[in-house]
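The values are calculated or read from the model by the stated rules, or taken from the named source; none is laboratory data. Everything quoted here is computed from the prediction, not taken from an experiment. Methodologically, a virtual Cβ is constructed for each residue, glycine included, from the backbone with ideal geometry; neighbour enumeration extends over all protein chains shown.
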Amino acid sequence: MKKSIFLSFFLMFCSMMIMAQDQGTLTMAITDVSSDNEQMAAGLEMMKGTELKVTYDGKRSMTKMNMMGGMVKTDIKMSEEGNMDMYMDMMGQKMWIPATKAEMEKAQAESGADQEFDYQYDENDTKEIAGFNCYKMTMTTPANPEFTLTAYVTEDIDINAAVIQNVDITKFKGFPLEYTMDMGMMKMTFSTTEFSKEADLSVFEVDTKGYKKMTMEEFQAQMGAMGGGGFGF
């Protein structure tokens, strides 16, 4: 259980890629977490406040993630071709995980990505997020009745970002600026806190000194051996 929950949460961001004609910066944060399981709830509470800052220039993206008050920092760089370089600093333990698009697609397929989803929209249920008008979307899948994604999407942002593991958001009517994943055992809400058309492209330059290079398989095995990354859930 520990291994699957942590890796599912973590891989959610490994597939993040921004494709747009313009450059910009999108900032999201985990604003709410909950679970009926006390042990899981305690672990999830440490995730609250996790921030994601995505910088894109039309061809590539850099996602900088700050977890648990800075104890875990992760940079995920995606190329125009869909290849990834992930740099993770876990309390001083630095890991560099490169992966091709094909390798990531294989890992996602093995995790059960081949699912059909149903979408329902309620344009009367609206919300303003980061200055954009959004309306409600609900996504479910017959393959997993316990899973529900509730989102508020906007059609005013022209970006295609795979921000949710195993979910192709190109099938959404708009980009989700806020979404809540209900996975039965746990709920987690991600909210956009800021959107800007400005971008600091210097973030694409990464100093790899001190990082240990490893494969995705080696990384997943190490996370599993640490019992969910050592976070207690």
### Task
Among the residues of the stretch 175-199, write down those that are closer than 19 Å to I157 by Cβ, part of a loop (DSSP other than H, G, I, E, B) and within 21 Å of the chain's Cα centre (by Cα).
K197, A199
### Query
Applying the selection to the stretch 62-76, what residues are within 13 Å of the chain's Cα centre (by Cα) and in contact (Cβ under 8 Å) with a residue 60 or more places away in the chain?
M62, K64, T74, D75, I76
### Summary
Log entry, pairs with first residue in the stretch 34-61 being surrounded by 15 or more Cβ atoms within 10 Å (Cβ to Cβ), second being among the hydroxyl-bearing types (S, T, Y) and not in a strand (DSSP E or B), beta carbons closer than 6 Å, six or more apart or on different chains, reads R60/S79
## Note on the structure
Of the residues in the stretch 163-185 that are surrounded by 20 or more Cβ atoms within 10 Å (Cβ to Cβ) and more than 17 Å from Q120 (Cα to Cα), the one that is modelled with the highest pLDDT is I164
### Task
Only residues in the stretch 84-99 that are within 18 Å of M67 (Cβ to Cβ) and among the acidic types (D, E) count as the first member; pair them with residues that are surrounded by fewer than 17 Cβ atoms within 10 Å (Cβ to Cβ) and at pLDDT 90 or above, Cβ under 8 angstrom, at least 6 apart or cross-chain, and list the lot.
none
